[in-house]
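Contents: one structure, followed by commentary.
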Amino acid sequence: MTWSSDLAIMADNWAQNCKNEHPPDLQEKKLGQNLYLISGASSINITAAIQDWYKEKPYFNYDTLQCQSGKMCGHYTQVVWATSREVGCAYWNCTQVSSSDITSGLLLVCNYRPPGNIKDLKPFKIGTACSRCASGSWWCNEGLCDRSCTTTGPTCGCAPVCLNLGSVTSANCSCSCTPGWYGSDCSLECKNYDSQCDPPPNVPGYLPDQCNQNDYTGTVIREKCPKMCKKCQAAAVGDNNYSTSTKPSFLSMISFSLSWLLLYNFHSI
């Protein structure tokens, strides 16, 4: 996650409206947003605001993607949304606030890009840290994906574990998957995961032309129909590389051991 000045400027412009609600063009701008309103304070404690959003975690059901009845959890899911990479925040001292029980106070606005809280998608995937980085690499900084890493060092670890006969590509700290598999660790089977993917003629469903849409629909289709959208190379029938093995290759295990040994040594200096 990196700071974005233009997102902060947009946050400042909206905060000055003193409306405790989201702008109507938020989806059009492809932004996520969290709001925090507090009265009786002279300044915003940004750490306290984020902690307040994170406190919604117990109300979110990861399996069903539902919030507990009568509770809010959308602030939490946006904070932890794995593919949101930029954030920009600003606050305004509002003498009169609309759409709130609090009549006056400090209104904090944080904008996120790309947005989180996309319907039917999970905020993150459970597994080994940095094994599902959106960039496709395994560069890891204190348990978080870090696109700025280019070489192993004190804050950058590279420890790819490539499954299903995948091989390590050291130059960009990634796995090269065999046909039939895809994903950062080659653990995802190259197939369509929804019956609506690539339907027969005149049958409703998700179509290949929709894969390139830069909107909510395109995001969902690429997630559900990786084979149709050519996110991966399907295995040919009888291909020896195609198996359900989830054991890492020997070379990837060597890479894993050496990379984390180096990272540990840097931290120990």
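The values are calculated or read from the model by the stated rules, or taken from the named source; none is laboratory data. Just so it is clear, the model here is predicted, and its values are computed rather than measured. Because the Cβ atoms are built from the backbone with ideal geometry, glycine has one as well, and the counts that use them run over all protein chains shown. Ligands, DNA and RNA are stripped out before the accessible areas are found, and what is left, the full protein with its side chains, is counted by its heavy atoms. Shrake-Rupley method; radii C 1.70, N 1.55, O 1.52, S 1.80 Å.
Can you tell me which of Cys175, Cys186 is surrounded by 19 or more Cβ atoms within 10 Å (Cβ to Cβ), under 23 Å from the mean Cα position of the chain (by Cα) and assigned to a loop (DSSP other than H, G, I, E, B)? Matching residue, one of Cys175, Cys186: Cys186. Pro226 passes every criterion in (1) modelled with pLDDT under 95; (2) within 19 Å of Ser135 (Cβ to Cβ); (3) surrounded by 13 or more Cβ atoms within 10 Å (Cβ to Cβ) apart from (1).
Applying the criterion of at least 2 residues that are open to solvent by 90 Å² or more (accessible area, probe 1.4 Å) and under 24 Å from Ile38 (Cβ atoms) to the strands (runs of 3 or more DSSP E) found wholly in region 51-161 leaves 86-94. Assessment of region 29-45 against the conditions (of a type in the set (A, V, I, L, M, F, W, C), under 20 Å from Asp215 (Cβ atoms), open to solvent by less than 90 Å² (accessible area, probe 1.4 Å) and in contact with a strand residue (DSSP E or B) (Cβ under 7 Å, 6 or more places away or on another chain)) yields at least one matching residue.
Screening Gly74 on (1) touching a strand residue (DSSP E or B) at 6+ places or on another chain (Cβ under 6 Å); (2) without any contact (Cβ under 8 Å) to a residue 60 or more places away in the chain shows it passes everything except condition (1). I'd like to verify a number: residues in region 201-215 that are surrounded by 14 or more Cβ atoms within 10 Å (Cβ to Cβ) and in contact with an Asp or Glu (Cβ under 9 Å, 6 or more places away or on another chain), how many? Summing the residues that are surrounded by 14 or more Cβ atoms within 10 Å (Cβ to Cβ) and in contact with an Asp or Glu (Cβ under 9 Å, 6 or more places away or on another chain) in region 201-215 gives 3.
On the basis of being in contact with a Leu (Cβ under 8 Å, 6 or more places away or on another chain), modelled with pLDDT of 95 or more and either assigned to a loop (DSSP other than H, G, I, E, B) or under 28 Å from Leu26 (Cβ atoms) (or both), does Thr219 make the cut? No.
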